[in-house]
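The values are calculated or read from the model by the stated rules, or taken from the named source; none is laboratory data. Since the structure is predicted, the reported quantities are computational estimates derived from the model, not experimental observations. Because the Cβ atoms are built from the backbone with ideal geometry, glycine has one as well, and the counts that use them run over all protein chains shown. Accessible surface is based on the protein model in full, side chains and every heavy atom, while ligands, DNA and RNA are left aside. Shrake-Rupley method; radii C 1.70, N 1.55, O 1.52, S 1.80 Å.
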Amino acid sequence: MLRIQISSFKDPLLFLYILSVIYSDFRLKAKHLFLLLPWVISILILVPNFFLASHTEQFEFLSHYSETSEGKFITVMNRVIEIVYIIAEIYYLIRYRKLLLENYTSKDAFYNYHWVKQLIIFILIGQALTFIKGTIRDSGDFDVEFVNIFRVILLLFGLFFSFWLVFKALLSPKLFRGIEVNLRLSKEMISDDTIKPNAQLQHIKSYMAKEEPFLDPSLTVKSLSEKISIPHRDLSILINQELGQHFFDFINSYRIEKAMSLLKNPSKKKHTILEILYEVGFNSKSSFNTAFKKHTGKTPTVYRKSQ
């Protein structure tokens, strides 16, 4: 019975693991003990008719566990909790992407996001298989051989998932470089009278054109705020709310404009597209091509030929 109930730990543990991958400074806190509440409830529900019962009564209870009111309630509660965790994981994944777009421009920052996205997809597949197997088993009218096949499928999936985790960690050193826990979306920040949109936006645009900080491939909203002496919070609100752009798109627009001027420059004719994309601050050909086509409607090669 304890083994059955301990299996309910997988959802909160996976959720905490995902948070630890997203946030570089994530730490377990006393508030996370709240995630154990469903398990505590399950144990308390089982105390009267199982844990305080005789050995014979325990055996009888366990043999018909899925048919008891306690078993039915715990099963439904765990299914609901699984759905809640899935929703929470998807929410944090979407929020993670938005935070990256609002604060980073380097493609390296998105490696972790794609890893978490893949991880959640695998988790959803595993949970779906487990849910199907449990539903068939609890229906009371099932083919034992069919359930055993499902168990083998789950075992193979678990084995594949374990190998995937290990190899992903070994072969992708850029992973596990998450963001700070206290990082907030611009819409979550409170604007005040210290923000002067027109004057500050003019200052930002003037600085971008004159100093060209976007040439730094590792530029972040925090490092830019330090360069132009505007608080990180204010800069994030100005770009994301006042201009209606993600920081990622804001910086890339300057990089593309710079790339366009270089592609038109006769003195740069012998420079390859790869050399130019590195020169303007990109660190990936795929991200450069995507951003360039989004901005101009043409690929860099087609644009150069049309000049």
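In the stretch 19-107, counting only helices (runs of 4 or more DSSP H) that sit wholly within it, the ones holding 3 or more residues that are at pLDDT 90 or above and not hydrophobic (A, V, I, L, M, F, W, C) span 55-63, 69-103. Based on what the data block shows, is Phe122 in a loop (DSSP other than H, G, I, E, B) and either buried (at least 18 other Cβ atoms within 10 Å of the Cβ) or touching a helix residue (DSSP H, G or I) at 6+ places or on another chain (Cβ under 6 Å) (or both)? No, not satisfied.
Condition check for Val144 on (1) at pLDDT below 85; (2) open to solvent by 80 Å² or more (accessible area, probe 1.4 Å); (3) closer than 30 Å to Lys98 by Cα; (4) not small (Gly, Ala, Ser): one failure, at (3).
Looking at the stretch 75-83, is at least one residue of a type in the set (D, E, K, R), open to solvent by 70 Å² or more (accessible area, probe 1.4 Å) and touching a helix residue (DSSP H, G or I) at 6+ places or on another chain (Cβ under 9 Å)? Show your work before the answer.
Pass one, the stretch 75-83, residues of a type in the set (D, E, K, R): 79, 82.
Next cut, open to solvent by 70 Å² or more (accessible area, probe 1.4 Å) only: none.
Checked against the condition, which is being of a type in the set (D, E, K, R), open to solvent by 70 Å² or more (accessible area, probe 1.4 Å) and touching a helix residue (DSSP H, G or I) at 6+ places or on another chain (Cβ under 9 Å), the stretch 75-83 yields no hits at all.
Looking across the stretch 287-301, the residues that are assigned to a helix (DSSP H, G or I) and either free of Cβ contacts under 8 Å to residues at least 24 places away in the same chain or among the basic types (Lys, Arg) (or both) come down to Asn289, Thr290, Lys293, Lys294.
So, in the stretch 84-105, of the ones that are open to solvent by 20 Å² or more (accessible area, probe 1.4 Å) and more than 10 Å from the chain's Cα centre (by Cα), which residue ends up nearest to Phe26 (Cα to Cα)? Checked the stretch 84-105; the qualifying residue nearest to Phe26 (Cα to Cα) is Ala88.
Which of the helices (runs of 4 or more DSSP H) found entirely inside the stretch 192-285 contain at least 1 residues meeting this: open to solvent by less than 10 Å² (accessible area, probe 1.4 Å), touching a helix residue (DSSP H, G or I) at 6+ places or on another chain (Cβ under 7 Å) and at pLDDT 90 or above?
Values: elements: 197-211, 221-228, 232-237, 247-264, 273-279.
In the stretch 192-285, 197-211, 221-228, 247-264, 273-279 are the helices (runs of 4 or more DSSP H) which contain 1 or more residues that are open to solvent by less than 10 Å² (accessible area, probe 1.4 Å), touching a helix residue (DSSP H, G or I) at 6+ places or on another chain (Cβ under 7 Å) and at pLDDT 90 or above.
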